[in-house]
Amino acid sequence: MSPPEAPLLEVEDLCVSYATGFGVLRALHGVSFRLMPGEALGLAGESGSGKSTVALALLGLLGPEAAVSARRLRFGGRDLLSRSPEEKRRLRGRAMAIVFQDPFTALNPSIPVGRQVAEPMVFHRGLAESEALAAAIGLLHQVGIRRPEVVARSYPHQLSGGMQQRALIATALAAEPELLILDEPTTALDVTIEAQILDLLESLRRSRRLSILFISHNLGVIHRLCESVCILYAGEVCETGPTKTVFRDPAHPYTRGLLASLPRLAVGDRKRLSPIPGTLPDLEDPPPGCLFHPRCPYGELRCRREAPLFSSPGPQRSVRCWRVGEIGGVSWEEAVGGARPLADEAGGPAAKASPPLVVVRDLRKRYRLGGFWDALRWEKPAGRKFPRPSWAPRFLHALDGVSLAIAPGEVLGLVGESGCGKTTLGRTILRLIDPDDGAIVVDGREIGSAPEREIRPVRRLAQIVFQNPDSSLNPRKTVGEIIARPLERFGLASGAQARRRVGELLEMVRLAPSYASRYPHQLSGGEKQRVGIARALATSPRFLVCDEAVSALDVSVQAAVLNLLEDLRRELGLAFLFITHDLSVVAHLAHRVLVMYRGGICEEGAIAQVLRPPFHPYTEALLSAVPRIDRGRSRIRLREEGAAAEFDGRGCRFQDRCPRILGKVCRTVTPPLLEPAPGHRIHCHHRLETLAALPSPVDAAPPGAIP
Amino acid sequence: MILYTLRRLALIVLLLWVMSVLLFAITQVLPGNVARMILGQFATADAIEAVETRLGLKDPLVVQYGRWFSHILRGDFGQSLIMERPIGPVLAEALGRSAVLAALSFVLVASVGILLGVIAAVRKNRPVDHAVSVFSYLGISVPEFFWGIAFILVFARWLGWLPSGGYSPMGEGFGNWFARLIGPALTLTFTLIAHVSRLTRSSMLETLRSRYVLAARAKGLPERVILFRHALRNALLPTITVLAIDVGWLFGGIVVVETVFAFPGLGRLVAFAIERRDLPLIQATLLVITAIYCLANLAADLLYAALNPRIRYARRTS
């Protein structure tokens, strides 16, 4: 046995604080962890937990206004804090490199990608510009980019999100660093692309013996990539240990709460989520004792008085909680008040008797690509002497003949990658976008081509909740004014009556009536989304379109909002079109699902039908790409490159990326409709028996309850 | 790119034609009788009649416009009524002088303005930043004629370093020529610099806060590379648009500044023509200024596309 290796990175008691106008904001407090060479450590926690601050502190990139201190901050055996700014700069990019969250904003828009990848080699390894560029092309090839010479000459906006992220990873690898910090590297990407990037990171890590510090709010992704995990809460470490044991047997109440908040991708697991109550503490005025005690269902008197010390419930594990070992037998669900099963009316609410509330038939919407001049061509017609101008624009078919029906009280999930047309569909059904063709019937009224004044009564019945509550709430209006606005517009209430109704609506979304006088910036993300929901509910609608309504929220907040939506559906009999890229959320909430790809529907059916074979190859790939904490890894890989930008209407719309493509028939003939069970429809050339024999990436039964 | 340039040039030609119609129409409705202006107050009715016939002033307006415009197309701007000389050479000479003055001012506005903006952004909220603000606002908040007079007062009258105005051809010595050029140029620069420096400062600050600048810092690049390669190039995009608009302001300012400094350029010619109701001269000078403004905006758009690859390439490569 060789002597134990020295850790690459040692962090002990790292503190970061900011002086604000009112006092001191404690962004990080006593954060400690270590990273061995070749190890991957996940840094998990919700927004505001200080994950990114750790990364920036390590790199020395926090501004001068941040006060950084640590008992020990050593990298490769040398102290980091005492280095001069110039020494830190030489270390950055060379010994430790970072990949940021949103690849599009992290690449300089006006410099060719190749030069951006080459820069660290020029400035750290002293290569000439041309040598570095050649090396950069090699790196781009290594991170799985085909035609790297072309990509090196391209500008960032010419690349897809996945390619941009690959280019950033190549940049980070350029100076051959020992430590790679990844700050939410896949959060902005589609799930199939995310799976590819995770594959790449895993193989790079093996081939280069890289140490990885992986920052993410997504526990599934951390489970995929990291052998150990460090959970942060409000700037403090609450639990560290090997990923598998921590996720199987979480010791800290916060870790348990996070896991209990995650919707699971499983059939028949429609039990109510158990979110963490309350919100993050004010870091300018942290509570005494344990930071988590105001939200902890296991708390006792001691937790309020003294900050807990670390203790070790198992090998390589440490937990900052007074009650470690005492709470083992009580699950989070039991502690917060028990998990009720969600499944209500047997067979779902698709009450066969009542006619559907929303019917959409053969909806079409296309967008012209490029401007007026781009569509103008000079061509010489046969038999003519001179070329003639012709105007033939190219179109993007956002909706290419979509049909659906939603029953009262039903949740119809709509999943697909970004750009597949799901947002266009949601907005077109509400006539926020005018369709080119097709019928939309809401509550018996045809609104597909009706003039605006005839739609008005329907507008009251059908409302929308947007993804980003920051940009969909007017920052200059109070919450009360925002919610009262639709009441006034539709003449439903005014004055004292409207104020009373606003109070009721706030109560409905579980907010105190005092919120009416607040402004959006005074609310947390989850509270803002509740206001967005309250506004949509103001007109007593019967149908809500939720466009990625929970995607921007932290898991514990997301769980609470999902519970709220389910409660509202039950209390008010609301029907939902629930648009999301997150299959777990759909599996949790929806009764039926539509899978969309490039403007058309590949598969539709009840949730239990879609999650199990037979399924469309695209559904299969989507399902297998979801990183999860409850199962191993076996994935279907989709081709990212080589896919045409648009579908030209010939053959199957999934042909470019289908891993199970049959051949010419997929490219030339529109796929037939397969109907393995009533209401379950698949558009594919494969034989039904073949699709039925596909392995299921989803467990049939809910996984063993997390203690 | 070439196609785009040609398209824009075609549009400019169209614009100039519209402008010529407008100019012609406006000069027609100006008060005053052209023949009386030429002959003076005490001309007899017969004499006026004769002049009007000679100049074709009795023809229908469309015919007059057609004659005027076809002459312009041949490069003939007609006769100045007051100077009684062909406008072409007079205009060319004045335009040449003004072009030098405008070019010098423009280069100064662009270079000094961008430099000040970058310095102010890098030293945000420090004394240098505040000094730059005060300096630029001082220039823009008081009209050109004040700074022109102040300049003459300080440098010509009190210090005696420079002549108070006029023009001296380059042939009579570079020193003389430059001494008479620098006054109006600096005055113009001072009144225009705020646009450029303030905008560069704010867009530079925004760029320095961007993710890609943070990513560049994380690569461990030296500060100067971060500032000039990664930040400035992107920060300059809005500045270029404003610089093109500033060309318009520059020609507005030139009229005033050339008058104050007695600099015989296009601006003074415009002022002279308007003052004396020299209609053909007004038409010719204004048409030339319109053309310059259009070309400056075209140049700015081309430069913008050159700096911004998102405009240059509309399509994805893969």
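The values are calculated or read from the model by the stated rules, or taken from the named source; none is laboratory data. Fair warning: this is a prediction, and the values are worked out from it, not measured in the lab. With ideal geometry, Cβ positions are generated from the backbone for all residues, glycine too; neighbour counts draw on all protein chains shown. For the accessible areas, the whole protein counts, side chains as well, though only heavy atoms, and no ligand, DNA or RNA atoms are used. Shrake-Rupley method; radii C 1.70, N 1.55, O 1.52, S 1.80 Å.
With the stretch A:358-444 as the region, which strands (runs of 3 or more DSSP E) entirely inside it contain at least 2 residues that are without any contact (Cβ under 8 Å) to a residue 40 or more places away in the chain, charged (D, E, K, R) and surrounded by fewer than 14 Cβ atoms within 10 Å (Cβ to Cβ)?
Correct list: A:376-379.
Could you check the stretch B:213-233 and list, in sequence order, the residues that are within 10 Å of chain A (Cβ to nearest Cβ), free of Cβ contacts under 8 Å to residues at least 40 places away in the same chain and within 20 Å of B:ALA305 (Cα to Cα)?
Scanning the stretch B:213-233 gives B:ARG229, B:HIS230, B:ALA231.
Taking A:SER228, is it open to solvent by 10 Å² or more (accessible area, probe 1.4 Å), closer than 17 Å to A:VAL54 by Cβ, in contact (Cβ under 8 Å) with a residue 40 or more places away in the chain and in contact with a Pro (Cβ under 9 Å, 6 or more places away or on another chain)?
It is true that A:SER228 is open to solvent by 10 Å² or more (accessible area, probe 1.4 Å), closer than 17 Å to A:VAL54 by Cβ, in contact (Cβ under 8 Å) with a residue 40 or more places away in the chain and in contact with a Pro (Cβ under 9 Å, 6 or more places away or on another chain).
Could you tell me which residue of the stretch A:270-279 is modelled with the highest pLDDT, considering only residues that are out of contact with any strand residue (DSSP E or B) (no Cβ under 6 Å at 6 or more places or on another chain) and surrounded by fewer than 20 Cβ atoms within 10 Å (Cβ to Cβ)?
It comes out as A:PRO277.
Modelled with pLDDT under 90, under 29 Å from A:PRO263 (Cα atoms), assigned to a loop (DSSP other than H, G, I, E, B) and in contact with a Ser or Thr (Cβ under 6 Å, 6 or more places away or on another chain): which single residue out of A:PRO614, A:PRO707 fits that description?
Of the residues listed, the single one that is modelled with pLDDT under 90, under 29 Å from A:PRO263 (Cα atoms), assigned to a loop (DSSP other than H, G, I, E, B) and in contact with a Ser or Thr (Cβ under 6 Å, 6 or more places away or on another chain) is A:PRO707.
List pairs: first in the stretch A:58-75 and within 14 Å of another protein chain (Cβ to nearest Cβ), second loosely packed, with under 13 Cβ neighbours inside 10 Å and not in a strand (DSSP E or B), Cβ under 9 Å, 6+ apart or cross-chain?
Short answer, once both residue conditions are applied: A:GLY60/A:PRO85.
Could you pull out the residue among A:LEU127, A:LEU133, A:LEU200 that is open to solvent by 10 Å² or more (accessible area, probe 1.4 Å), within 23 Å of B:ASN308 (Cβ to Cβ) and away from chain B (no Cβ under 12 Å)?
A:LEU133
Any chance the stretch A:81-90 includes a residue that's more than 9 Å from chain B (Cβ to nearest Cβ) and touching a residue at least 40 places away in the same chain (Cβ under 8 Å)?
No, the conditions are met nowhere in the stretch A:81-90.
Collect the residues in the stretch A:92-118 that are in a helix (DSSP H, G or I) and within 7 Å of chain B (Cβ to nearest Cβ), keeping them in residue-number order.
Within the stretch A:92-118, A:THR105, A:ALA106 qualify.
Pick out, from the stretch A:464-543, the helices (runs of 4 or more DSSP H) lying fully within it that include 2 or more residues that are among the aliphatic types (A, V, I, L, M) and touching a Lys or Arg at 6+ places or on another chain (Cβ under 7 Å).
Output list reads A:479-489.
Would you say A:PRO64 is open to solvent by 30 Å² or more (accessible area, probe 1.4 Å) and at pLDDT below 90?
yes
Could you say which residue among B:LEU3, B:LEU11, B:LEU15 is closer than 30 Å to A:LEU376 by Cβ, open to solvent by 70 Å² or more (accessible area, probe 1.4 Å) and touching a residue at least 40 places away in the same chain (Cβ under 8 Å)?
Among B:LEU3, B:LEU11, B:LEU15, only B:LEU15 is closer than 30 Å to A:LEU376 by Cβ, open to solvent by 70 Å² or more (accessible area, probe 1.4 Å) and touching a residue at least 40 places away in the same chain (Cβ under 8 Å).
Could we say that B:ARG209 is charged (D, E, K, R), free of Cβ contacts under 8 Å to residues at least 12 places away in the same chain and either within 14 Å of chain A (Cβ to nearest Cβ) or closer than 25 Å to B:LEU232 by Cβ (or both) here?
yes
Identify, please: which residue in the stretch A:361-391 is within 12 Å of chain B (Cβ to nearest Cβ) and not hydrophobic (A, V, I, L, M, F, W, C) and is, among those, nearest to A:GLY649 (Cα to Cα)?
Filtering first and then ranking leaves A:GLY370.
Could you tell me which of the residues B:ASP59, B:ASP76, B:ASP46 is touching a residue at least 12 places away in the same chain (Cβ under 8 Å) and open to solvent by 40 Å² or more (accessible area, probe 1.4 Å)?
None of the others qualify; the one that does is B:ASP76.
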